[in-house]
Amino acid sequence: MNSEVEKIKRELVEIGKRIAQENLIVGPGGNISAKIEDKVYIKASGVSFEDATEDDYIGVDLNSGRVIEGDKRPSSEIWMHLECYKVREDVRAVVHTHPIYSIAYAFQDEPLKLFTPDMVALLGGEIPVVEYVVPGGKEFARVVGEVIKNHNGVLVKNHGLVTVGSNLKEALYRTLLIENSIKTIFIAKLFGNMRFFTKEQIEEIDNLEVEKYRRKLLKEKG
Ligand SMILES: O=C(O)[C@H](O)C(=O)COP(=O)(O)O
């Protein structure tokens, strides 16, 4: 196995264990993947992040969906992951989890709008909500892919969250920031007030040289 594949599998194991530590899923829930050229390495179906080892990340052909490395069944969400890579040439990692606050927020039918500089820099734009679709099939993949064409994440009612990135860390940080931002909204509303950024405030942050530098660093270094 070449060193690039070995490196990405180590990172998949590490990011998966971080997802479990952050309680973004329970047990075998959720799945993550990373792309190297025309191969996608994805968690095996039914394996929990906390137990997963390098052997539990299966190599799948990007175009056919055929298993090309590994002897386990790939995640049931393989079609969704492949669709995210197909609709966005810059995407090289996909993170799908079931975060508590994200699932609760999705029922409000409101996209997650931006209200901190971190959200502008890391999310790049609002995070839409889509209606529930039965998981694991090509319809779920199509619905998610349609949103990911123009957004770096999507909240799926009665299910969870999908984020994408140019590497696994960026996709994970987007998931963590979305979940934390929704917690902030929840608490702000308990206090009785909440304010989202205006279009002008977002553009002002977006154009800051310091924010461009931070974004570039994350994309390069992961
Ligand atoms: O919600 C999903 O993607 C699945 O139900 C899930 O949580 C994990 O499925 P997998 O086949 O073990 O990846």
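Tabulated data for the structure shown
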item: Of the criteria (1) open to solvent by less than 20 Å² (accessible area, probe 1.4 Å); (2) assigned to a helix (DSSP H, G or I); (3) of a type outside the set (Ser, Thr, Tyr), which one Glu4 fails; result: (1)
item: Odd one out for Asn23 among (1) open to solvent by 60 Å² or more (accessible area, probe 1.4 Å); (2) under 27 Å from Lys157 (Cβ atoms); (3) at pLDDT 95 or above; (4) more than 15 Å from the ligand (Cβ to nearest atom); result: (4)
item: Test: residue in region 89-108 that is among the acidic types (Asp, Glu), closer than 24 Å to Ile36 by Cβ and open to solvent by less than 20 Å² (accessible area, probe 1.4 Å); result: no
item: Residue satisfying condition, being closer than 30 Å to Thr184 by Cβ, part of a loop (DSSP other than H, G, I, E, B) and of a type in the set (A, V, I, L, M, F, W, C), within set Val94, Val133; result: Val133
item: Region 47-61 - residue that is more than 14 Å from the ligand (Cβ to nearest atom) and assigned to a helix (DSSP H, G or I) and, of those, farthest from Glu11 (Cα to Cα); result: Asp55
item: Which listed residue, of Ser76, Ser64, Ser33, is more than 9 Å from the ligand (Cβ to nearest atom) and either in a helix (DSSP H, G or I) or surrounded by fewer than 15 Cβ atoms within 10 Å (Cβ to Cβ) (or both); result: Ser64
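The values are calculated or read from the model by the stated rules, or taken from the named source; none is laboratory data. Since the structure is predicted, the reported quantities are computational estimates derived from the model, not experimental observations. Using ideal geometry, Cβ is built from the backbone for each residue, glycine included, and neighbour counts are taken over all protein chains shown. Side chains are part of the model used for accessible areas, which takes the heavy atoms of the whole protein and leaves out ligands, DNA and RNA. Shrake-Rupley method; radii C 1.70, N 1.55, O 1.52, S 1.80 Å.
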